[in-house]
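Here's the structure we're looking at; comments come further down.
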Amino acid sequence: MRALRFGSDVFDPTHRFETSWFIGPWILFAIRSLISVYAFTTLFFSLGWPCTHPEDGGCQAATQSFSYFTVLTYWGLAFYFAVSAVHTFTYARSGSALLDRFPRPLQALHSLYYTTVVTLPFLVTIVYWGVLYKGSWFKLEYDAWGNISKHGLNSAFALFELVVPRTLPPFWIHIPYLILILLGYLAVAYITLASQGWYTYSFLDHDAVHGRGYVAAYIFGIAVGIIIIFIVVWCLIKLRVWATETKGHMMGKFAAERQPSADEEAQRKESANTDEGIRASA
């Protein structure tokens, strides 16, 4: 039950979500902002293109895009980088992040949001290029750009958040939430089938994969896949923290207005130890 509590200690005493171990908060804010702008540009352009090109499905294809897990996770990326840019900006400007003033449940949700950002894009990339991609390159430059952005750069953006900020490894309790997100999308996919009569992904069509057992196998495999991805991400972040902080003594680039005091640094270490204990027991 301990892992299910929001906790009463300071959520992020040394602003790990808003700082990096090697670039300053203003640069981190700028990069996150640019990624958010690019992601939103990609999404809105992808909505506008079909509407102006009837041969690509028209506006109906644009509205149907909201049924795809790829597109939904890309919207999640766009909003995450926008929100994290705001938090980073407020920290860089005043030494106190907007996230610090959030209610504890929202802070916990931001932590879960971060976990989805560094895990789900890798799942999207692996499933697309490993299962759905047919092997022939795209005839239109627009299709090539759109697919590279949503099935390639999405993982590059996730890798940025995995490597650059000072975040700690995600809580193990986030695994069931990731499974719930996938189950929630499965419901969306079958609601789409019931209401519009088409499958969002071919591996959900039991006729296309020659049996309901194969559909179940695909679903189970994706669930196992996200758990494996979570474990790999957890290990990589743990390795980054060890290499940069424990071995490299690179404790972070903080806002000029507010460097952590000796007491805060001691609190940071205590909080880090507590976080590790919670993560180990979660």
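Of Phe22, Phe254, Phe89, the residue with the greatest mean-square motion in the GNM of the chain, using alpha carbon springs below 10 Å, is Phe22.
For Ile179 and Leu47, the FRET efficiency from 1/(1 + (r/R0)^6), where r spans their Cβ atoms and R0 equals 41 Å, is about 0.90. Taking the chain as a Gaussian network, Cα atoms linked when under 10 Å apart, which of Ala85, Ala208, Ala39 shows the biggest mean-square fluctuation? Maximum fluctuation in the GNM of the chain, among the listed residues, is at Ala208. In this label model, His210 and Tyr113 are separated by 4.5 nm, measuring between points 7 Å along each Cα→Cβ vector. The dipole here belongs to region 25-281: it is taken about the Cα centre, uses +1 on the Cβ of Lys and Arg and -1 on the Cβ of Asp and Glu, and is about 360 debye.
The spacing between region 144-187 and region 91-142, judged by their C-alpha centroids, is 4 Å. Largest GNM mean-square fluctuation across Trp137, Trp129, Trp198, computed for the chain with C-alpha springs under 10 Å, falls on Trp137.
Name the residue farthest towards the positive end of the dipole of region 25-281 from the options Phe254, Ala216, Leu99, assuming +1 on Cβ of Lys and Arg, -1 on Cβ of Asp and Glu, about the Cα centre. It is Phe254. Summarised in one figure, the compactness ratio Rg/Rh of region 25-281, Cα atoms and Kirkwood Rh, is 1.01. Below 8 Å between Cα atoms, with a sequence gap of 6+, how large is the relative contact order for the chain in percent? This gives 30 percent for the chain. The distance between label points at Asp143 and Leu159 comes to 2.6 nm (points 7 Å beyond Cα on the Cα→Cβ vector). Taking only pairs that are 8 or more places apart or on different chains, how many Lys pairs in region 25-281 have Cα atoms under 18 angstrom apart? Lysine pairs, 8 or more places apart or on different chains, close enough: 6.
Within the chain, helices built from complete DSSP H runs that reach 30 Å or longer along their own axis (Cα positions) and carry a mean Kyte-Doolittle hydropathy of 1.0 or higher are 25-52, 174-196, 212-241.
Read-outs: derived from the displayed coordinates by stated rules, not from any lab. What you see is a predicted model; the values in this text were computed from it and never measured. Note that we place each Cβ from the backbone using ideal geometry, even for glycine, and neighbour counts take in every protein chain shown.
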